[in-house]
Amino acid sequence: MMKKVLKWVAPSLLGLVLALAGCASTPSSPAARPVMGIRMDPSAEEGVLIASLVKGGPADSADLRKGDLIVHVEDFDVEQPGDYHDALSHQKPGNKVTVLVERGKHKKQFTVTLGTSKEEGVD
């Protein structure tokens, strides 16, 4: 009976010991999160206002501009930054997403190929 219990318990204990020792077989860096390469202006009351773009980044390459107000990404209405992050959380770097922005009095649609960034504050 004891041998049967050890067959079940030993692998779990070994995994726990390795995890506690920092030797677990988990990736050393988190999965890359998809980004458009923008910095948000927190003053926007609705949507996501682009404060700046990463030069040569996905949004810049798709011709989005500083001052554009993102109101829709793929199947998600963007009323606040959390909606924007939810929309991107369903994507992977390299995916193409449709983005609707308000630019002045006009609405414009863009296709953005998502990238990755390790830079703090880049979405």
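If we scan the range 24-42, do we find a residue that is farther than 22 Å from Ser117 by Cα and modelled with pLDDT under 90? Scanning the range 24-42, I find at least one residue that is farther than 22 Å from Ser117 by Cα and modelled with pLDDT under 90, so the answer is yes. Taking the range 87-123 as the range and being within 16 Å of Gly67 (Cα to Cα) and among the basic types (Lys, Arg) as the test, the residues that pass are Arg103, Lys105, Lys107, Lys108. Flag: Arg33 matches the condition of being assigned to a loop (DSSP other than H, G, I, E, B) and not hydrophobic (A, V, I, L, M, F, W, C).
Of all residues in the range 85-96, those satisfying the criterion of being free of Cβ contacts under 8 Å to residues at least 40 places away in the same chain, within 23 Å of Pro42 (Cβ to Cβ) and in contact with a strand residue (DSSP E or B) (Cβ under 8 Å, 6 or more places away or on another chain) are Asp86, Ala87.
The values are calculated or read from the model by the stated rules, or taken from the named source; none is laboratory data. For clarity, every value in this text was computed on a predicted model and none was experimentally measured. Heads up, the Cβs are rebuilt from the backbone with ideal geometry, glycines too, and the neighbour counts pull from every protein chain shown.
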